[in-house]
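The values are calculated or read from the model by the stated rules, or taken from the named source; none is laboratory data. A quick note: this is a predicted structure, and the numbers were derived from the prediction, not measured. Heads up, the Cβs are rebuilt from the backbone with ideal geometry, glycines too, and the neighbour counts pull from every protein chain shown. To get the accessible areas, we keep the full protein, side chains included, count just its heavy atoms, and leave off ligands, DNA and RNA. Shrake-Rupley method; radii C 1.70, N 1.55, O 1.52, S 1.80 Å.
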Amino acid sequence: MEVVQKIYICSCWKIYNMKELLTRSLSGFLYVSILLISIFVSKYTFIGVFFVFGMISIFEFQKLIHLNNKRLYVIFIVLLVALNIFQDQVYLILPILVLTVITELFLVKDLVTIRIIPMFEKRKYRTSIFYLISAIVFLTLIPNYSGEYQPLIIAGAFLITWTNDTFAYLVGKNFGKHKLLERISPKKTIEGFVGGFLFSILAGYLIAIFSHTLSITIWLIISIIMSIFGTLGDLIQSKFKRQAGVKDSGAIMPGHGGIYDRLDSVIFASPFLYGFLQILKYVS
């Protein structure tokens, strides 16, 4: 009888894992499909999808930091519209970019130097605006950085990020022995980070070869930016979730969590990537 019970429990567990894997796969496929289709259809479908993703991410982020302020949605809409319309106006873009980069660097400092990221009222607003909101807006500016909409640039950045996340997980799971930042994310390892980084470089090289957009050198630099800052963004979000005492920022994507969970890496990296592309534009 005991043997039968064990077999039954094992069977139920396998069925549960298969259902969870199927749910996760379908959810992930739908997310990737919506994202890539929106990118390649037009500039406006891309911005439209990220308007929706941004609104959801703001809602999820506010739950994490125990904030409920409707003005943040208004600020997001104003910045999204204004910066996309006046993208060529450096005097408007540069101050916001500088404030975003400074805010994110402070978050990196807090990540490695203190146990709890201080999120008092004033800090909550500043972080919400110049970490999350402005970073999402800069993400929408990336494919149009040169004045001409280039969907392969942003699609390549996403592909590099996904490659980094996938191989960081696979290498870390199979070969990881040394923890990257155990008190924040116990499952992340140095070996996983290195594996994700190297495969990101490979992904950038292949994108450069087959896309005929930017040079190999530039795509390799983009790969470095997305891998390093994407990992930092993931760790910072993990710290926010740990402070909030939750596993995921939301539940809109079965098996994956929230939209903010899926975008944390690319959101954090986007201002640095946009800044690099702007430097490239003016230098060239």
State the volume of the convex hull built on the alpha-carbon positions of the stretch 124-171, expressed per residue in Å³ and rounded to an integer.
76
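Compute the Rg to Rh ratio over the stretch 146-237 from the alpha carbon atoms, using the Kirkwood formula for Rh, and round to two decimal places. Provide the component values of the computation, followed by the final result.
Values: Rg = 14.0 Å, Rh = 13.5 Å.
Computed over Cα atoms, the ratio is 1.04.
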Hey, what's the chain come to in accessible area per residue, 1.4 Å probe, Å²?
52
At 1.4 Å probe size, what's the solvent-accessible area of Phe193? Round to the nearest 10 Å².
60
Mean shadow area (nm²) of the C-alpha convex hull around the stretch 231-284 is 4.4
How long, wide and thick is the stretch 53-120, going by the Cα atoms along their three principal axes, in whole angstroms, largest first?
40, 25, 19
Just Ile225, Ile252, Ile236 to compare: in a GNM of the chain, with alpha carbon springs under 10 Å, which one fluctuates most?
Ile252
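Taking the Kirkwood radius as the inverse of the mean 1/r across Cα pairs, report the Rg/Rh of the chain. Don't jump to the answer; show the numbers that get you there.
Values: Rg = 19.7 Å, Rh = 19.8 Å.
Ratio of gyration radius to Kirkwood radius for the chain: 0.99.
To the nearest whole percent, what portion of all C-alpha pairs in the stretch 177-284 is separated by more than 20 angstrom? Present the calculation step by step, with values, prior to reporting the outcome.
Numbers: 2873 of 5778 pairs.
Of all Cα-Cα pairs in the stretch 177-284, 50 percent lie more than 20 Å apart.
So what's the back-of-envelope 222 nm ellipticity for the chain, counting only DSSP H runs of four-plus at -39500 (n - 2.57) apiece and dividing by all residues, rounded to 500?
Details: 10 runs with 217 residues, N = 284.
Theoretical 222 nm ellipticity from helices: -26500 deg cm²/dmol.
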Mean Kyte-Doolittle of at least 0.0 plus a Cα span of 24 Å or more along the axis: flag which DSSP H helices in the chain meet both, please.
2-41, 43-64, 90-113, 151-175, 190-211, 216-244, 259-283
Considering only Lys188, Lys124, Lys241, give the residue with the highest GNM mean-square fluctuation for the chain, with springs between Cα atoms whenever their separation is below 10 Å.
Lys124
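Dividing the Cα radius of gyration by the Kirkwood radius, what Rg/Rh value follows for the stretch 26-76? Before the final figure, lay out the partial values.
On the way: Rg = 13.2 Å, Rh = 12.2 Å.
Taking Rh as the inverse mean 1/r over Cα pairs, Rg/Rh reads 1.08.
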Give the dimensionless ratio obtained when the Cα radius of gyration of the stretch 87-246 is divided by 2.2 N^0.38 Å.
1.12
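Would you kindly state the longest site-free stretch of the chain, with sites defined as GluC sites (Glu not before Pro) in a DSSP loop (not H, G, I, E, B) surrounded by at most 15 other Cβ atoms within 10 Å?
1-147
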Computed on Cα atoms, the radius of gyration and Dmax of the stretch 104-198 in angstrom are 16.8, 46
Across every pair of different alpha-carbon atoms, what Kirkwood hydrodynamic radius in Å does the stretch 182-224 reach?
11.3
